[in-house]
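Novice: Pasting a structure here, questions to come.
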Amino acid sequence: MSYAITALEPRHQGWSNFYVATVRTPEGEEIRRELEDHGEAVAVLPYDPDRRVAMLVRQYRTPVLYAAGRQDLLEAPAGLLDGPDPEQDARREAREEVGLHLRAAEKLGTVWSMAGISTERIHLFLAVYSGADPHEAGGGLAEEHEDITKVEMPLAELAAMADAGRLDDAKTLILVQTLRLRRPDLFA
């Protein structure tokens, strides 16, 4: 016998949906677990290998304000999956948030963001851009009140932040460290 969800009670329906699940364990016991569901997401680290920089966003996040008293978080452009093609959505997020038209994109994989509570899986990408390419304004969508500031940073500075424990957004840390492993020459 394996685990099985036997009942799902909705608690809130909105951008995120919250449920209390009744789960039957392999031993036949019933337990209750809370879960949040808002769909899958994408995150992309745009980087310019010639100039050795990456484009990130600084964005207000209510949970960060609540839990840490901070106004914003430095992170890779990211957003919810809108269609069947995560790479296309990663490109859309880069265009909306930082105004970039990405060149080559490389999918790293899909990770659970918080498997203990959320159904969210994030499709992670590294993508090349060039400072010579045309850029749009970025800044996110006004109707979503994203309040995004574009931040172009040297890759070496991002590595130093990661090493010092100051790169505290998990998806961004994964993306930066993966790029470091694959292209250490860019961080010299």
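The values are calculated or read from the model by the stated rules, or taken from the named source; none is laboratory data. What you are looking at is a predicted structure, and each value in this text was computed from that prediction instead of being measured. Note: ideal-geometry Cβ built from the backbone for every residue, glycine included; neighbour counts use all protein chains shown.
Novice: Considering only residues that are outside any strand (DSSP E or B) and either of a type outside the set (Gly, Ala, Ser) or under 18 Å from Leu80 (Cα atoms) (or both), which ones fall in segment 1-20?
Specialist: Answer for segment 1-20, where residues must be outside any strand (DSSP E or B) and either of a type outside the set (Gly, Ala, Ser) or under 18 Å from Leu80 (Cα atoms) (or both): Met1, Tyr3, Gln13, Gly14, Trp15, Ser16.
Novice: Okay, moving on. For segment 82-100, does any single residue satisfy the condition of being touching a residue at least 60 places away in the same chain (Cβ under 8 Å) and not basic (Lys, Arg)?
Specialist: Taking every residue of segment 82-100 in turn, none turns out to be touching a residue at least 60 places away in the same chain (Cβ under 8 Å) and not basic (Lys, Arg).
Each row is one residue, and each column tells you yes or no for (1) within 21 Å of Ser16 (Cα to Cα); (2) under 16 Å from the mean Cα position of the chain (by Cα).
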| position | (1), (2) |
| --- | --- |
| Tyr66 | yes, no |
| Leu80 | yes, yes |
| Gly83 | yes, no |
| Pro86 | yes, yes |
| Arg91 | no, yes |
| Leu102 | no, no |
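Novice: List every residue pair whose Cβ atoms lie under 8 Å apart, where the two residues are 6 or more positions apart in sequence or sit on different chains, the first residue falls within segment 159-175 and is assigned by TED's automatic domain parsing to the domain that holds Glu75, and the second residue, located anywhere, is part of a loop (DSSP other than H, G, I, E, B).
Specialist: Close Cβ pairs (under 8 Å, with a partner that is part of a loop (DSSP other than H, G, I, E, B)) amount to Met161/Leu167; Asp169/Ala76; Ala170/Ser113; Lys171/Ala76; Lys171/Ser113; Thr172/Ala76; Leu173/Leu167; Leu175/Ala76.
Novice: State the number of residues belonging to segment 43-63 that are in contact with a Leu (Cβ under 7 Å, 6 or more places away or on another chain) and either of a type in the set (Lys, Arg) or outside the structural domain of Asp85 (by TED's automatic domain parsing) (or both).
Specialist: Within segment 43-63, residues that are in contact with a Leu (Cβ under 7 Å, 6 or more places away or on another chain) and either of a type in the set (Lys, Arg) or outside the structural domain of Asp85 (by TED's automatic domain parsing) (or both) number 3.
Novice: Would it be correct to say that Glu152 is part of a helix (DSSP H, G or I) and modelled with pLDDT of 95 or more?
Specialist: Considered against the rule, which asks whether it is part of a helix (DSSP H, G or I) and modelled with pLDDT of 95 or more, Glu152 comes out as no.
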